[in-house]
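Everything on this sheet refers to the single structure shown next.
The values are calculated or read from the model by the stated rules, or taken from the named source; none is laboratory data. Just so it is clear, the model here is predicted, and its values are computed rather than measured. Here the Cβ positions follow ideal geometry from the backbone for every residue, glycine too, while neighbour counts run over all protein chains shown. To get the accessible areas, we keep the full protein, side chains included, count just its heavy atoms, and leave off ligands, DNA and RNA. Shrake-Rupley method; radii C 1.70, N 1.55, O 1.52, S 1.80 Å.
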Amino acid sequence: MAKKQVNPTRMELTRQKRKLVTAKRGHKLLKDKRDELMRQFLELVRVNKDLREKVEEGLAAASQNFALARATMQDPVLDTALLAPSQEVMLEADQKNVMSVLVPQFSFKTRSPDESNIYSYGLSFTSSDLDGAVKSLADVLPDLLKLAEVEKSCQLMAAEIEKTRRRVNALEYVMIPDLQETIKFITMKLDENERSNQIRLMKVKDMMLEEAHQFEAKAAGKYEPDIRSELEV
């Protein structure tokens, strides 16, 4: 930055020093934010891993039960049993601020609080495998929504971590060194100007002293002849 056009004045030096203090403070805050985001991100990744394994197991069990139900039931009977669901799920989406990152929060509620209301068919005409498949899907729904929430939070936090990391690197490796170089450049220029002014003042002082000495010498030379003339008389 010292190569740019900057005025080597004390006002500019003060302004650059203030910018350097602000940049260092912002660098510390962004670094703390990045570290905290990384900590929370790693915790979410572990939660995401456990939830994904649990959801995959639940979906695999439901898929297996559906396959068994299709094997033991006729297709028209199975399609009729699942044609009109008796339960309704209402999803509510909200947001939470985590270190300036708006992460989603999902919650749901059912139309009927009765857990047995998930079966939309008569139990006498269907197999127990279909009951197990429906129950497996109902049980995995909360974990599935939580998994979606955690995965989206991980994506948003990863993007924010990358953005914060770029800002930290820009401050640490570009802006702060440039400001320090500019301050050094202005300080050297001011010291150089101060030395030049001192040398100039010393020369002016020497010139004034020399002129004063010459004036005194001339004044003394004019006064001596008058004394000699008085002595002769």
### Task
Considering every residue within the stretch 3-12, establish whether at least one is in contact with a Phe, Trp or Tyr (Cβ under 8 Å, 6 or more places away or on another chain), surrounded by 13 or more Cβ atoms within 10 Å (Cβ to Cβ) and among the hydroxyl-bearing types (Ser, Thr, Tyr).
no
In this structure, is residue 69 surrounded by 15 or more Cβ atoms within 10 Å (Cβ to Cβ), out of contact with any Leu (no Cβ under 6 Å at 6 or more places or on another chain) and not hydroxyl-bearing (Ser, Thr, Tyr)?
no
Of the conditions (1) β-branched (Val, Ile, Thr); (2) at pLDDT 85 or above; (3) outside any helix (DSSP H, G or I), the single one that residue 45 does not satisfy is (3)
Scanning the stretch 147-164 for residues that are more than 12 Å from residue 103 (Cα to Cα) and either buried (at least 19 other Cβ atoms within 10 Å of the Cβ) or in contact with a Leu (Cβ under 9 Å, 6 or more places away or on another chain) (or both) gives 147, 161, 164
Check: Can residue 96 be described as open to solvent by 80 Å² or more (accessible area, probe 1.4 Å), under 18 Å from the mean Cα position of the chain (by Cα) and either closer than 26 Å to residue 155 by Cβ or at pLDDT below 90 (or both)?
Finding: yes
Residue pairs within 7 Å by beta carbon, gap of at least six or interchain, first lying in the stretch 54-76 and touching a residue at least 60 places away in the same chain (Cβ under 8 Å), second polar (S, T, N, Q) and open to solvent by less than 90 Å² (accessible area, probe 1.4 Å), listed first then second, are 58/136; 61/136; 62/136; 65/136; 69/127
Within the stretch 22-61, of all residues that are β-branched (Val, Ile, Thr) and open to solvent by less than 80 Å² (accessible area, probe 1.4 Å), the one nearest to residue 157 (Cα to Cα) is 45
Residues of the stretch 53-93 being part of a strand (DSSP E or B) and either modelled with pLDDT of 90 or more or within 30 Å of residue 163 (Cα to Cα) (or both), in sequence order, are 92, 93
Residue hits (the stretch 64-108; in contact with a Phe, Trp or Tyr (Cβ under 9 Å, 6 or more places away or on another chain) and under 30 Å from residue 44 (Cα atoms)) are 89, 90, 91, 92, 93, 94
| request: Evaluate the stretch 103-116: report whether one residue or more is on the phi > 0 side of the Ramachandran plot and surrounded by 13 or more Cβ atoms within 10 Å (Cβ to Cβ). | output: no
If we keep only residues of the stretch 72-93 that are surrounded by 11 or more Cβ atoms within 10 Å (Cβ to Cβ) and among the polar types (S, T, N, Q), then the residue nearest to residue 39 (Cα to Cα) is 87
